[in-house]
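Beneath this line is the structure, given in structure tokens, with notes to follow.
The values are calculated or read from the model by the stated rules, or taken from the named source; none is laboratory data. None of these values were measured; they are calculated from a predicted model. Ideal geometry is used to build each Cβ from the backbone, glycine not excepted, and the neighbour counts take in all protein chains shown.
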Amino acid sequence: MLSFVAGTAVISVLHRRWTFRSSGVRGAAAWMAALSAVTVVVVLLGHGLALAALPSVVPDGWVVPAAWVASQGLGTTVTFLVLRGAVLR
């Protein structure tokens with residue numbers, strides 16, 4: 001989890017600095033680290049909930065893959081909505 005959060009923070013700073021040529025990168029790393037940490041928690045909670053709920057509706061061999069898809073979709077949606085509403089306005 002820590003490597004994901006740190007990697008996301010570094011990538012966001014590099015994108016702001018080199019891709020978008022932005023000089024204001026001080027708060028970007030902390031903001032992206034916080035967003036990444038929240039996203040990891042949301043994905044893990046979503047995965048756990050999906051693992052608990054899906055066995056009654058999904059065949060046995062497909063519970064784990066279906067839970068993974070559901071949790072990744074949830075994490076992607078949360079990240080998109082936060083970035084769209086707070087960062088890319």
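Filtering the range 74-89 to residues that are surrounded by fewer than 16 Cβ atoms within 10 Å (Cβ to Cβ) and either in contact (Cβ under 8 Å) with a residue 24 or more places away in the chain or part of a helix (DSSP H, G or I) (or both) leaves 76, 77, 80, 81, 83, 84, 85, 86, 87. Scanning the range 61-73 finds no residues that are outside any helix (DSSP H, G or I), at pLDDT 85 or above and loosely packed, with under 11 Cβ neighbours inside 10 Å. Residue 25 meets each of the listed conditions (1) at pLDDT 90 or above; (2) surrounded by fewer than 16 Cβ atoms within 10 Å (Cβ to Cβ) apart from (1).
When the range 28-44 is filtered for residues that are surrounded by 15 or more Cβ atoms within 10 Å (Cβ to Cβ), among the small types (Gly, Ala, Ser) and modelled with pLDDT of 75 or more, the ones remaining, listed by number, are 33, 36, 37. Which ones in the range 45-60 are surrounded by fewer than 13 Cβ atoms within 10 Å (Cβ to Cβ) and among the small types (Gly, Ala, Ser)? Within the range 45-60, 48, 52, 56 meet the criteria.
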